Structure formats: structure tokens, C-alpha cells
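Student: One structure, pasted below without further comment.
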Amino acid sequence: MKFNPSLLGVIVLCTILHQSGVAQDQSATVAFDSMAYYKNTSHKVGNINTDSTEYAPSISADGKVMIFESNKTGAYKLYESMRDNQRHWGAPISIDSINNYGSENDLIGGPSVSFDGNMLYFFSSFSGGMGADDIYYATRESHGWSSPTNIGAPINTSGFEGFPSISSNGKTLYFVRVNEAGPTDEELREQTQGQTCYSIYKSDKDADGNWSTPTMLPYPINQDCEKAPRIMADNRTLIFSSNRLGGLGKYDLYQSYLDDAGDWTTPVPLQYVNSEHNDQFPCIAAQGDKMYYINSKDIYQVDIPPKYQQFRNNVIQGYVKDGNSEEGIATDIIVRDAFTSEELMILSSNPNDGKFSLVLAVGGSYNVEFRKEGYTTYSAHYNLTEVDEYREIEYDVKLYQSAKLQLNIYDIEIFEPIEASIKVKIEGERSIMLEVESDPSTGQIEMDLPLGNAYEVIIDKKNFQSEYFVFDISGLMIYPKFEKDIELIPKKKQITINVADLNNNAKVRSRVRIRNRNRDETIIVEGNESVGLRVGDRYEIEATSDQGYAFNTTVLDISDDTETVEAQAPVIEMKLQPLLVGTNLTLKEILFESNSNLLTENSFIELNRVVGLMKDNPTLKVEVSAHTDNVGSDAYNLMLSKRRAEEVGLFLIENDIPKDRMKHVGYGESTPLVDNDTEEGRAKNRRVVLKILAI
């Protein structure tokens with residue numbers, strides 16, 4: 001349940017009326033100022049105020065850093081305090097890089113910390129300036145704040161410039177100059193008690209970072225004696241101190257709003273905080289519910305009534321880092337209206353740790369770009385159109401000096417990954433800057449290529465056509481990673497496969513199955529036609545026919561010694577044996593373990609062809625005969641051949657071929673095909689033969 005302070009005031013009022021016995025019809029005569037409740041919330045900020053004067057507080061957008069001036073050492077210097085997670089302010093620390101810059105008697109005051117906490121504006125009487133007091137700035141570094149830098153002309157002049165206030169978008173600086181005319185009303189002269197009067201000015205920063213010639217804010221902002229302007233996080237609400245007539249005391253706080261027409265509304269006195277003392281230097285974090293200000297010589301905190309609260313904001317904050325080194329980097333941060341593309345602000349992240357903070361008004365939609373030369377650009381979108389509450393959003397950004405190019409290289413026909421060679425060179429140059437190979441199991445390779453160039457990428461693989469493309473990352477780069485599929489086309493030779501009758505050479509209607517032994521590829525064509533086969537691969541070719549023929553197989557290596565298209569297609573002759581009684585079919589690549597009847601794995605390919613042949617010809621009966629060479633005794637070879645013939649027969653039976661369609665015979669070394677004088681001859685004699693018994 002949300003707490004309603006106004007409701008509390010009504011409850012208190014009703015209680016008072018009841019206790020005093022005042023009738024309800026008389027309640028209208030009772031004046032009750034609801035601002036009294038908020039005045040009662042005002043209290044000194046703990047752990048910051050001392051017996052000396054604490055002055056001109058400034059707070060970061062997230063409300064966690066306060067910078068103010070104090071004369072506790074005798075001269076006004078700057079101090080910084082940090083708020084912990086329990087909302088307690090830590091002991092103030094002297095900003096020595098600024099306080100020790102000039103002489104110990106220099107006045108340093110009016111600090112204004114940028115909403116992202118990366119810039120600190122103030123004024124000082126350092127020697128060597130353009131006037132008695134000039135406006136300076138410092139940037140946050142890894143060890144603290146940098147040494148001061150004079151903001152220079154046209155903001156600083158030979159006169160007085162002080163009490164700066166920087167807008168949350170970093171585009172406008174508000175400050176004061178001495179009002180030479182001073183108050184004209186005698187009563188106001190007495191009220192100022194001889195104090196110097198100031199007028200409020202502003203200067204705008206252009207796209208090149210140059211400040212414009214300052215202009216004085218018009219009436220009704222500047223009337224008589226104005227001081228300590230503070231622009232709020234919405235960049236439209238201005239709170240300032242004024243000694244104008246009608247106030248409660250000395251300097252009072254007033255609030256004005258820049259309307260859509262670009263005009264400042266009539267300043268409204270902040271009665272919930274104004275007193276008979278000097279009330280000055282307001283600062284409000286982006287959350288917009290509490291204000292810090294000066295009453296006399298101490299820093300106070302007060303709750304802000306809803307009617308005085310600025311537009312609600314969201315704070316987007318985090319760090320911009322190098323994606324590889326994780327070190328913070330300085331980037332330009334450009335915020336645009338997502339609907340109109342109007343540029344709303346340009347900020348910078350801190351060069352030391354990359355910290356940034358954006359204050360975005362709720363109800364809007366924003367596109368944010370993080371840019372740095374030599375790095376990728378990062379884009380983010382924040383849609384706050386449906387948001388009606390203050391939020392702090394942590395959002396870290398990583399930029400990269402190189403782009404990651406991932407290639408997925410695979411075979412265009414069978415989609416297998418390919419281990420290919422990749423060469424990269426800068427476009428237009430001859431030398432190769434990078435040469436790598438893709439992963440053989442995935443076909444992938446990832447390369448880091450520095451931004452700012454266009455690269456020629458060449459992909460080569462033996463027996464494949466080369467691929468080439470240009471990868472241009474010379475311009476604006478948003479994405480740090482790119483992925484591209486490379487489909488390599490295999491080089492091929494055209495092969496003609498003729499299938500004919502073994503006896504009369506007549507063409508046979510057939511089916512040709514071509515299996516690639518190098519990769520997962522199977523091609524099925526009709527006999528007596530051409531087919532493209534991959535250069536460099538080995539193929540097993542099987543020709544079958546349903547016209548009463550046995551199968552035939554051969555192995556073919558496709559060499560690359562001729563061109564794929566222009567050369568005449570080689571011819572492979574496949575002769576099929578008619579299935580006739582008494583015909584012997586010698587099986588190829590039926591192999592056994594040494595001195596064993598156990599079949600090797602490679603034998604099953606040929607045996608499965610026999611299974612297919614017998615199923616296609618259900619009346620076919622065969623004799624399975626096994627033969628050996630002459631190594632060993634006759635008796636041993638005869639026994640071994642019988643066991644091997646039985647092993648082949650067992651395989652056929654296990655594959656649903658009835659055993660009554662076959663018999664098993666071992667011939668040992670008794671029927672050699674050729675002499676056993678050579679190893680080649682002995683290999684031919686070690687064979688398994690199917691003899692057709694009936695069909």
C-alpha cells in the first residue's frame with residue numbers, strides 16, 4: 001500500500017477538530033496547510049554537517065554520491081561523501097586533486113556533479129583564470145578526480161561566473177553572473193543587506209562539443225537577485241534561489257518548468273521548505289522524491305510533495321567494457337527518441353572504468369547507441385511508454401575491436417563437415433595475414449578480424465571447388481559476431497557404366513548401386529548410363545539384374561588426372577553371368593581370420609549380395625564350396641575349407657535362406673585356379689564359390 005502524506009494530514013486535522021469539540025460545519029473556517037507535513041520531514045543530513053558551513057550540495061542521478069563545499073579548514077573546499085546500501089552517508093573525503101590545485105586560500109565552491117557521476121563542475125578563484133572566479137571542471141579517474149580544467153570562453157569572462165549546474169543530457173550548463181544593475185526596489189535593497197545580486201545564464205553544447213555564447217534566462221526567472229540554479233534530471237524543471245519580493249525571508253527556493261513551447265512558467269515558491277533563513281542550492285536525485293538543500297549553513301533533506309515532483313525518471317547505469325580485456329572504455333552514448341529519431345542527448349562513459357548513467361523520462365521510448373572509433377557499435381532499446389515508476393536498471397555493455405567471423409564449411413551434397421584451408425588477406429593486398437583450418441569434426445572455424453578493413457576470404461579443399469567472398473568491416477559495425485555457411489562443391493568425373501551379358505556382350509537391363517567408401521554417399525542409377533563421381537574418392541560398384549543374372553562388383557578409384565567436364569568420360573564394363581545350372585560364381589572379398597573359419601567384417605557386404613540374389617530367385621539352389629592354397633597339409637586344408645563353406649552357409653540360413661537350397665563342400669587345395677608359386681596366385685586360390693545346382 002502506498003503511503004499518502006496528504007491523507008495523514010486530513011486524519012490529523014479531523015482528530016484535532018473532534019478533540020476540540022468544533023462542529024463539522026465550522027471546519028471550513030480552519031486553515032490547514034498540508035505543506036506543514038513536509039516541512040516536518042526536513043532534517044539535517046547526518047555525518048556530513050559540522051560546526052562549520054556546509055554549502056551547495058550536488059548529488060548524482062542514482063543518489064549515491066554527494067559533493068559539497070565546506071569551510072571547515074578555513075577556506076571553502078570540495079568534499080565527497082558516498083551513501084551505503086542502508087542509505088547512510090559516509091564520512092566526507094577531501095577532493096585533494098582539486099583542493100590542492102591552487103593556493104590554500106583559494107575559494108572552491110558551487111559543485112555540480114553530472115548525473116552519470118563522471119564530470120564535476122565548480123567555480124574557483126584559482127590564479128591564472130579569466131576573471132576573479134571562473135567555472136572549472138574535472139573528470140572522474142581511476143584514483144579519483146582529475147586536476148581542474150578551466151571551461152574557458154565563451155562561458156568564462158573577465159567577470160564572475162559561478163554556481164554551475166549541468167543538465168542530465170550534458171548539453172546545457174546553467175550558471176550565474178553578477179547582476180550589475182542590482183535590485184531597483186528600495187525594499188529589496190534593504191532585504192539583500194548589501195549582498196551581491198546574480199542573474200541566471202545558460203550555455204548549450206553543440207555536436208562538436210563547443211559551448212555557445214551564454215544567454216540570460218528571461219523573465220520571470222531573472223527578476224532581481226537570483227542564485228544557485230539547479231536543473232533537475234528531467235532537463236525541464238529548474239529550481240533556484242531568489243531574494244525577490246514576497247518571500248518568507250532572505251533567499252527562498254522557487255521552481256519553474258520549461259513547457260513544450262520553450263517558455264519558462266512562472267516560478268512557484270517551494271513553501272514546503274522555505275523559511276525565514278537562507279534556503280538555497282537544491283539538488284534532487286533522479287528518483288525525485290527527496291531534495292537536499294541549504295538552510296543557513298547546513299545541508300538538509302526533505303520529502304518533496306507530489307505536486308512539486310518532477311517527471312518520473314528511470315536511471316540506466318552500468319559499465320562499457322572492452323569485450324576481450326574487460327577494461328572500461330570511454331564511448332559516446334547517443335540517445336534518440338525511438339519514434340521521431342530526434343537526438344536527445346550525447347554523453348560519454350568514463351574513460352577509466354567505463355561507467356555510465358542515463359536518465360530517461362518515463363512514458364518515452366528510446367534508442368541508445370554506444371559508439372567508439374575502432375570498436376563495434378552497440379544498440380539498445382528502452383521502451384518506457386508503459387512505465388510509471390522510478391527504476392534503476394543495471395545494464396553493462398561490451399564493445400569489441402574485432403569482429404568474430406564463424407564459418408561453417410560443409411559438403412553441399414551430403415552436408416558432411418569439411419576440414420578446409422582458409423586464407424584471409426586485406427582486400428587489395430597480396431600477402432596472406434591469416435591461414436587456418438576448420439575443425440574436421442564440425443567444419444567450423446572462428447576468426448577474430450580487426451575492424452576497419454575489408455577482407456578477402458578464400459576457402460580451399462583438395463578435390464573441391466574453391467570458394468571466395470569479401471568480409472567488409474570497414475564501416476559502422478553493430479554486431480561483433482558473424483556466421484556464414486560455406487557450401488563446397490566437389491569436383492567430379494563423368495563415368496559411363498556399361499552392363500552386358502558375360503557370354504554374348506548384349507546390354508542387360510540392370511540396376512547399378514554405387515557406394516562411396518570415403519564418405520556416406522550412395523548413388524543408384526540404371527545400367528548403361530553416365531554418372532558424376534567425386535575426384536579422389538574410392539567407389540564400390542555393384543550391378544544387378546532381375547533378368548536372370550548374377551550380380552557383379554568392382555572397385556573404382558576416381559583420379560584427378562583429367563578435367564571433369566572436358567575430358568571424355570571413362571567407361572566401366574560390368575559383365576553379368578547368366579544364372580545357368582553348372583555356372584560357378586566366385587565371391588569377392590570373402591575373408592576369414594587367419595587359420596580360422598570366422599568371417600571378417602568386410603565379408604558381410606558380399607554375403608548380403610548373395611542373400612539378395614537368392615531371395616530374388618526363389619528356385620535357385622547352390623553349392624557353397626570353399627578352397628584353400630597349398631600352405632599346410634592336405635588334411636588340414638580340407639578340414640578348414642569344409643568349416644569355411646559351412647560358415648558361409650550358416651550366414652545364409654540366419655538370413656532366412658532355407659538350408660535345403662544349399663549344400664556345403666570343402667575342396668581344400670585340390671582345385672587351384674592358378675599355380676601356388678606366388679603370393680598373388682595363392683590369394684586367387686583362397687576363394688568361396690557358388691555353383692548353381694538348380695534354377
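Nothing in this text is a laboratory measurement; each read-out follows from the coordinates by a stated rule. Given the structure is predicted, the values throughout are model-derived calculations rather than measurements. In this analysis, Cβ positions are derived from the backbone assuming ideal geometry, glycine residues included, and neighbour counts consider all displayed protein chains.
Student: Size of the dipole of the chain about the Cα centre, Lys and Arg at +1 and Asp and Glu at -1 on the beta carbon, nothing else charged, in debye to 20?
Tutor: Details: 66 positive and 103 negative charges, 356 e Å.
Computed charge dipole of the chain: roughly 1700 debye.
Student: While we're on this one: So how much slack lies between VAL611 and SER633, counting 0.36 nm per residue of separation and subtracting their Cα-Cα distance, in nm? Working shown, then result.
Tutor: On the way: separation 22, 0.36 × 22 = 7.92 nm, distance 3.28 nm.
Length gained, VAL611 through SER633: 4.6 nm.
Student: Another question about this same structure. Can you tell me what share of the DSSP beta bridges in region 42-308 is antiparallel? A percent to the nearest 5 is fine.
Tutor: Numbers: 67 of 68 bridges.
So the antiparallel bridges in region 42-308 amount to around 100 percent.
Student: Go through LYS77/LYS250; LYS44/LYS202; LYS205/LYS250; LYS321/LYS404; LYS250/LYS307 and tell me which ones have a Cα-Cα distance over 28 Å in this structure.
Tutor: Numbers: LYS77/LYS250 24 Å; LYS44/LYS202 31 Å; LYS205/LYS250 34 Å; LYS321/LYS404 17 Å; LYS250/LYS307 24 Å.
The answer is LYS44/LYS202; LYS205/LYS250.
Student: Okay, next question. Sketch the reach of a paramagnetic label on ASN85 as a point 7 Å from Cα along Cα-to-Cβ, and name the residues of region 287-328 whose backbone nitrogen lies under 16 Å away.
Tutor: What the label zone holds, given the 16 Å backbone N cut-off, is no residue at all.
Student: In percent, what relative contact order does region 313-399 have, based on Cα pairs under 8 Å that are 6 or more apart in sequence? Display every interim value, and only then the final one.
Tutor: Numbers: 217 pairs, mean separation 33.5, N = 87.
Contact order relative to length: 39 percent.
Student: Right, here's the next one. Can you tell me how region 402-488 classifies by the Cα gyration tensor, rounded, prolate or oblate, using a/c under 1.5 as the rounded cut?
Tutor: On the way: a/c = 2.19, a/b = 1.56, b/c = 1.40.
Prolate, since a/c reaches 1.5 and a/b exceeds b/c.
Student: Quick one: which residues, 5 or more positions from ILE486 or on another chain, have an amide H under 5 Å from its amide H? H modelled 1.01 Å from N in the peptide plane, none for Pro or chain starts.
Tutor: Result for ILE486 returns ASN408, ILE409, TYR410.
Student: What ranking, highest mean first, results for peptides 124-137, 592-605 when packing means the other Cβ atoms within 10 Å averaged over each residue? Can you show the working numbers first?
Tutor: Working: 124-137: 18.7, 592-605: 13.2.
Highest-to-lowest ranking by the protection proxy: 124-137, 592-605.
Student: Assuming R0 = 30 Å, can you tell me the calculated FRET efficiency for the pair GLN406 and ARG513, based on Cβ-Cβ distance, to the nearest 0.05?
Tutor: Working: r = 38 Å, r/R0 = 1.26.
Rounded to the nearest 0.05, the efficiency is 0.20.
Student: Show me, for region 402-408, the HN-Hα J-couplings you get by feeding each phi into the Karplus relation (A = 6.51, B = -1.76, C = 1.60, θ = phi - 60°), rounded to Hz, glycine and proline as x.
Tutor: Along region 402-408, the couplings run 9, 9, 8, 10, 9, 9, 10 Hz.
Student: Please list, in order along region 276-285, the HN-Hα scalar couplings obtained from phi with the Karplus expression 6.51 cos²θ - 1.76 cosθ + 1.60 (θ = phi - 60°), rounded to whole Hz, x for Gly and Pro.
Tutor: With coefficients 6.51, -1.76 and 1.60, one gets 6, 9, 6, 10, 8, 6, x, 8, 9, 5 Hz.
Student: Just check the chain against the gyration tensor rule for me: Cα atoms, a ≥ b ≥ c as the square roots of the eigenvalues, rounded for a/c under 1.5, and otherwise prolate or oblate depending on whether a/b exceeds b/c. Present the calculation step by step, with values, prior to reporting the outcome.
Tutor: Values: a/c = 4.42, a/b = 3.32, b/c = 1.33.
Prolate is the answer for the chain, as a/c is 1.5 or above and a/b outweighs b/c.
Student: Each label point is 7 Å from the Cα along the Cα-to-Cβ direction; what then is the distance between the points at THR340 and GLU601, in nm?
Tutor: Here the answer is 7.3 nm between the modelled labels.
Student: Which lysines, if any, have their Cα less than 21 Å from the Cα of LYS461, not counting same-chain residues under 8 positions apart?
Tutor: Within the straight-line limit of under 21 Å, LYS461 reaches these lysines: LYS423, LYS425, LYS484, LYS491, LYS492, LYS493.
Student: Same structure again: Kindly state, to the nearest 0.05, the FRET efficiency for ASP208 paired with LEU258, given R0 = 30 Å and r defined as their beta-carbon distance. Present the calculation step by step, with values, prior to reporting the outcome.
Tutor: On the way: r = 24 Å, r/R0 = 0.82.
E between ASP208 and LEU258, to the nearest 0.05, is 0.75.
Student: In whole Hz, with x marking every Gly and Pro, tabulate ³J(HN,Hα) for region 335-351 from phi via Karplus 6.51 cos²θ - 1.76 cosθ + 1.60, θ = phi - 60°.
Tutor: Using θ = phi - 60°, the values come out as 10, 10, 5, 5, 8, 10, 6, 5, 6, 9, 6, 10, 10, 9, 7, 5, x Hz.
Student: Counting residues in region 375-534 as N, plug N into 2.2 N^0.38 Å and put the Cα Rg over that result. It would help to have the intermediate numbers written out before the result.
Tutor: On the way: Rg = 25.3 Å, N = 160, 2.2 N^0.38 = 15.1 Å.
Compared with the compact-globule rule of thumb, region 375-534 sits at 1.67.
Student: Give me the Debye-computed log₁₀ of I(q)/I(0) at q = 0.12, 0.17, 0.18, 0.19 Å⁻¹ for region 580-695, equal point scatterers on Cα only, no solvent, two decimals.
Tutor: -0.39, -0.79, -0.88, -0.97
Student: Based on the Cβ-Cβ distance from LYS588 to LEU434, what FRET efficiency comes out when R0 is 56 Å, to the nearest 0.05? Walk me through the intermediate numbers first.
Tutor: Details: r = 48 Å, r/R0 = 0.87.
Rounded to the nearest 0.05, the efficiency is 0.70.
Student: Quick check: residue separation of LEU650 and ASN105 times 0.36 nm, minus the Cα distance between them. What number comes out in nm? Present the calculation step by step, with values, prior to reporting the outcome.
Tutor: Numbers: separation 545, 0.36 × 545 = 196.20 nm, distance 11.09 nm.
Going from the current span to full extension adds 185.1 nm.
Student: While we're on this one: Given the rule -39500 (n - 2.57) for each run of at least 4 DSSP H residues, summed and divided by the residues of the chain, what is its mean residue ellipticity at 222 nm, to the nearest 500 deg cm²/dmol? The partial results should precede the final answer.
Tutor: Working: 7 runs with 76 residues, N = 695.
Theoretical 222 nm ellipticity from helices: -3500 deg cm²/dmol.
Student: Oh, and also: Using a 7 Å offset from Cα along Cα-Cβ at ILE695, what residues in region 540-554 end up with backbone N under 19 Å from the label point?
Tutor: The answer is 542-554.
Student: Compute the length gained on full extension between THR266 and ASN504: take 0.36 nm times their separation in residues and subtract their Cα-Cα distance, giving the result in nm to one decimal. Could you put the intermediate results ahead of the total?
Tutor: Numbers: separation 238, 0.36 × 238 = 85.68 nm, distance 11.47 nm.
Gain on stretching THR266 to ASN504: 74.2 nm.
Student: Quick one: if you stick a label point 7 Å off each Cα along the C-beta vector at LEU476 and ASN47, how many nm between them?
Tutor: 4.5
Student: Given labels modelled 7 Å from the Cα in the Cβ direction, how far is it in nm from LYS462 to ASP388?
Tutor: 7.3
Student: Turning to a different aspect of this structure: Ranked highest first by the average count of other Cβ atoms within 10 Å around their residues, in what order do 576-583, 219-226, 673-680 fall?
Tutor: Values: 576-583: 14.8, 219-226: 18.6, 673-680: 11.1.
Put in order of decreasing packing, that is 219-226, 576-583, 673-680.
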